[in-house]
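Have a look at the structure below before the remarks.
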Amino acid sequence: MNKTVDPTELQVVDDGPLYAARKKVYPQSVSGTFRRIKWGLMAFCLGVYYLLPFVRWNRGLGAPSQAVLVDLPNSRFYFFFIELWPQEVYYFTGLLIVAALTLFLMNAVGGRIWCGYLCPQTVWTDLFYAVERWVEGDRRERMRKDAAKETIKLRRVGEIVLKHSIWLMIAWWTGGAWVLYFTDAPTLVMQLLIFQAPMIAYIWIGILTATTYVFAGWMREQVCVYMCPWPRIQAALTDEWALNVTYKYDRGEQRTSLKKANELRALGEPVGDCIDCYQCVAVCPTGIDIRNGPQLDCIQCGLCIDACDAVMTKIGRETRLIGYDNDINIHRRQEGKPPIYRIVRPRTITYAAMIAAVGAIMLYALLTRTLLDINVLHDRNPVAVKLADGSIRNAYTVRLLNKRGFDRVIAIDMDGPVNATLHVVGADSVTKDRPMIILARDTTTELRLLVTAPAENNPAKSIPVHFHVTDIGLGEVASATDHFVSP
Ligand code: SF4
Ligand code: SF4
């Protein structure tokens, strides 16, 4: 028999407020292996971003000499020796697929490596924190200054102005570097210096200056915690073997103060290695306590590993109480078994194989891509014309693509109706039976082709006609097929 529930007996569970005000984070400086890796990657990423537009690449006279350039007016993308046309945009699709798979592979091996070390939000926020520490001091000092509301003191005002000025300068350089990828960098720098740059450049610099300043200076960890979708996706993609920044509670608990821990050890009592010093929390750029287990807020930067290693070294205990590990190993250690690491497993092999396959397809397509191309479009109205002598003429619009960086002489041939003649409108060729034209470098050229079949060879119906263009110098050939139609 169903029991009727009295609504007054129901308990209201209070989960707390739906919105929690942000607690400002004051990450403390730290040194150690992961900090050094982060400094190195930051220098590399920023160096590449800021300096790449100034790298030159010789493509011949008249061609852009910038190694990496998005040439929007001419619809070209240059990347060192590669030049892509708009119709080759599928290479970017391939690149995006490889990038996504690489992210999945990183995640399967070492968790959020991207977030902790390479993501622009992390890199710029780290840089802005470094500036803040340099100007205002380390964690305790900054906390003290904020708590004391020292803003009225001249020295404090000076610090704040200096910090924001440096932040804005970095943000401005970030926006400035971005626009340099879209035009000749040295020329634009000169134009910017004399305030003669195009308005669109100032607009984009303004937008990127604002976003960098706001995201890295003000929003910081909130971008990672609230705005970015990757933590959620990553959490759904991960498996039990992925190595994440982990507090090894099997070793750390029961945590207690150093003094108490020493006393308990002297009595032969079991005690954990964690001395509850909160150093791992103090250095965390998102302000969390990794000892509470895996959290979406953890960008896995490894700085808490460095902080805890320093503490463990100081108190003479084994390092890596916090380290890249997983729950499987924690349970194995609790059972007295040695840890095992499975970096090579079906998931990582699958991702690596997919990256290799897509990469190989892209490389093959790149190495075998045609640098001479032809597209043919048959006239629709009329599809065919009967001339006074009984011969039939079909007309075609032909578009030729010369992707090379030099002009070349092209011969045009045709296989179609027997004894048919080919004529290029507007091109008086010296070789009457085989029209030749000069194809300008790095352009598309549109031609009108007339194919005329003599009266005695008029095809009874539509037959295929093949057009071939041949580079006389290099022997490169491109072909396209259409139809020759009788009225
Ligand atoms: S918990 Fe550790 S790894 Fe995670 S964000 Fe904080 S410092 Fe970085
Ligand atoms: S730094 Fe290490 S010892 Fe200190 S609280 Fe964190 S985990 Fe415990």
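The values are calculated or read from the model by the stated rules, or taken from the named source; none is laboratory data. This structure is a prediction, so every number in the text was calculated from the model and none was measured. Every residue, glycine as well, gets a Cβ built from its backbone with ideal geometry; the counts of neighbours run over all protein chains shown. Surface areas here come from the heavy atoms of the whole protein model, side chains and all, with no ligands, DNA or RNA. Shrake-Rupley method; radii C 1.70, N 1.55, O 1.52, S 1.80 Å.
May I ask you to list the residues in region 83-103 that are out of contact with any helix residue (DSSP H, G or I) (no Cβ under 7 Å at 6 or more places or on another chain) and of a type in the set (A, V, I, L, M)? Passing the criteria: Val89, Leu95, Leu96, Ala99, Ala100.
Restricting the first member to region 469-487 and to residues that are under 30 Å from Ala455 (Cβ atoms), and the second to residues that are open to solvent by 70 Å² or more (accessible area, probe 1.4 Å) and among the polar types (S, T, N, Q), the beta-carbon pairs closer than 7 Å and six or more apart or on different chains are Ala480/Asn375.
For Tyr226, indicate whether it is in a helix (DSSP H, G or I), within 16 Å of ligand 1 (Cβ to nearest atom) and aromatic (Phe, Trp, Tyr). Yes.
Within region 307-322, identify whether any single residue is within 15 Å of ligand 2 (Cβ to nearest atom), open to solvent by less than 40 Å² (accessible area, probe 1.4 Å), in a loop (DSSP other than H, G, I, E, B) and in contact with a Cys (Cβ under 6 Å, 6 or more places away or on another chain), and answer yes or no. There is at least one residue in region 307-322 that is within 15 Å of ligand 2 (Cβ to nearest atom), open to solvent by less than 40 Å² (accessible area, probe 1.4 Å), in a loop (DSSP other than H, G, I, E, B) and in contact with a Cys (Cβ under 6 Å, 6 or more places away or on another chain). It is to be established whether one or more residues within region 308-320 are at positive phi and within 16 Å of ligand 1 (Cβ to nearest atom). The answer is yes; a qualifying residue exists. Taking Gln87, is it polar (S, T, N, Q) and open to solvent by 40 Å² or more (accessible area, probe 1.4 Å)? Taking the combined requirement at face value, the residue satisfies it.
Tell me, which residue of region 286-298 that is assigned to a loop (DSSP other than H, G, I, E, B) and farther than 15 Å from Tyr226 by Cβ is nearest to ligand 1 (Cβ to nearest atom)?
Asp289
Within region 22-31, is there a residue that is more than 22 Å from Cys224 (Cβ to Cβ) and modelled with pLDDT of 85 or more? Yes, region 22-31 has at least one match.
Kindly indicate whether Arg133 is touching a helix residue (DSSP H, G or I) at 6+ places or on another chain (Cβ under 6 Å), basic (Lys, Arg) and part of a helix (DSSP H, G or I). No; evaluated as a whole, the condition is false for this residue.
Of all positions in region 151-159, none carries a residue that is under 30 Å from Trp57 (Cβ atoms) and of a type outside the set (Asp, Glu).
Taking the condition in a helix (DSSP H, G or I), open to solvent by 30 Å² or more (accessible area, probe 1.4 Å) and in contact with a helix residue (DSSP H, G or I) (Cβ under 7 Å, 6 or more places away or on another chain), does Cys115 pass?
No; evaluated as a whole, the condition is false for this residue.
Does Arg404 qualify as being more than 30 Å from Ala235 (Cα to Cα), open to solvent by 40 Å² or more (accessible area, probe 1.4 Å), over 43 Å from the mean Cα position of the chain (by Cα) and not small (Gly, Ala, Ser)?
no
Remark: pairs (first residue in region 216-236, on the phi > 0 side of the Ramachandran plot and open to solvent by less than 40 Å² (accessible area, probe 1.4 Å); second residue in a helix (DSSP H, G or I) and not polar (S, T, N, Q); Cβ separation under 9 Å; 6+ apart in sequence or on different chains) = Arg220/Phe128; Arg220/Tyr129. The residue that is nearest to Arg112 (Cα to Cα), among those in region 240-263 that are within 16 Å of ligand 1 (Cβ to nearest atom) and not charged (D, E, K, R), is Asn244.
Mind checking whether some residue in region 324-338 is within 7 Å of ligand 2 (Cβ to nearest atom), open to solvent by less than 10 Å² (accessible area, probe 1.4 Å) and closer than 20 Å to Leu243 by Cα? No: region 324-338 contains no residue that is within 7 Å of ligand 2 (Cβ to nearest atom), open to solvent by less than 10 Å² (accessible area, probe 1.4 Å) and closer than 20 Å to Leu243 by Cα. Among residues of region 264-285 that are within 6 Å of ligand 2 (Cβ to nearest atom), those with a Cβ under 6 angstrom from a residue that is open to solvent by 60 Å² or more (accessible area, probe 1.4 Å) and not in a loop (DSSP other than H, G, I, E, B), sequence gap 6+ or separate chain, pair up as Ile275/Leu258. When region 254-285 is limited to residues that are in contact with a Pro (Cβ under 8 Å, 6 or more places away or on another chain) and in a loop (DSSP other than H, G, I, E, B), the one that is surrounded by the fewest Cβ atoms within 10 Å (Cβ to Cβ) turns out to be Gln254. Criterion applied to Ala365, Ala357 was being touching a helix residue (DSSP H, G or I) at 6+ places or on another chain (Cβ under 8 Å), open to solvent by less than 90 Å² (accessible area, probe 1.4 Å) and either among the polar types (S, T, N, Q) or at negative phi (or both), and the one residue passing it is Ala365. Can you say whether Ala171 is at pLDDT 95 or above and in contact with a helix residue (DSSP H, G or I) (Cβ under 6 Å, 6 or more places away or on another chain), as far as the supplied structure shows? Considered against the rule, which asks whether it is at pLDDT 95 or above and in contact with a helix residue (DSSP H, G or I) (Cβ under 6 Å, 6 or more places away or on another chain), Ala171 comes out as yes. Does Val225 satisfy the criteria of being closer than 17 Å to Asn292 by Cα and within 22 Å of the chain's Cα centre (by Cα)? Criteria met by Val225.
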